[in-house]
């Protein structure tokens, strides 16, 4: 019973309490880029969810085999393998979705939600728990995309999933299907999520620093920002070694 409750918690937390888009503020690039319509939002959400679930399962199953020093490259290879499979399936059976998503479909490889769950959860938990976590986060990501897509499509074109909702005689606000409209809707949804969180006594969604990133320990960018002198000295030493090798 306790195990069942634990799995239910792992699933539901990704939908509401730790929604990757509206609570953790992750995956904002594809969220803003492909949420111009319900169709493209659903396509991205489903594709990312499949990759997230499969990569979580694979990484959890291989966590004792993958050396700690090369875990991030290993995770990326695993994720990229599933992204390639999904991309080939989408190209074959849903070419319209493939055309709408464009470059953002292969860019699922570097989606911080997927890599973050691999590092923060899948590599530390069982296969079943990792699969459930992936499903919950995937549903939460898809729900946020669909909400944004529905609002932007309705206000920007007067339709939802191609169905005319607002009379054609009313001119749509085209700005909502453009980048400024995406940022506006995203900001309003974050504000609503923060208002609900405040009423329930939860912390507000915010962009956090490097110390809260699940990959902070292995991040070279963080090291360069926090210790630029050491990075500069290392670069100079490397250049000196290359120069000496060239002279020899």
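Since every read-out is calculated from the coordinates, none of them should be taken as a lab result. What you see is a predicted model; the values in this text were computed from it and never measured. Quick reminder, even Gly has a Cβ in these numbers, built from the backbone with ideal geometry, and neighbours come from all protein chains shown.
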Response to the item:
Taking 161-169, 86-94, 126-134, 111-119 and ranking on average Cβ neighbours within 10 Å, highest first, one gets 111-119, 126-134, 86-94, 161-169
Worksheet item: Which FRET efficiency value, to the nearest 0.05, is calculated for residue 183 and residue 77 with the Förster distance at 51 angstrom and r the Cβ-Cβ distance?
Response: 0.95
Fill in: Inter-label distance for residue 17 and residue 66, nm, one decimal - labels placed 7 Å from Cα along Cα-to-Cβ
2.5
Practice prompt. Could you calculate the FRET efficiency of residue 165 with residue 96 from 1/(1 + (r/R0)^6), where r is the beta carbon distance between them and R0 is 30 Å, rounded to 0.05?
Written response: 0.90
Worksheet item: For the peptides 145-155, 96-106, what is the packing order when you average, over each peptide's residues, the other Cβ atoms within 10 Å and list the highest mean first?
Response: 145-155, 96-106
Worksheet, complete the sentence: Residue separation between residue 198 and residue 124 times 0.36 nm, minus their alpha-carbon distance, gives in nm 23.6 nm
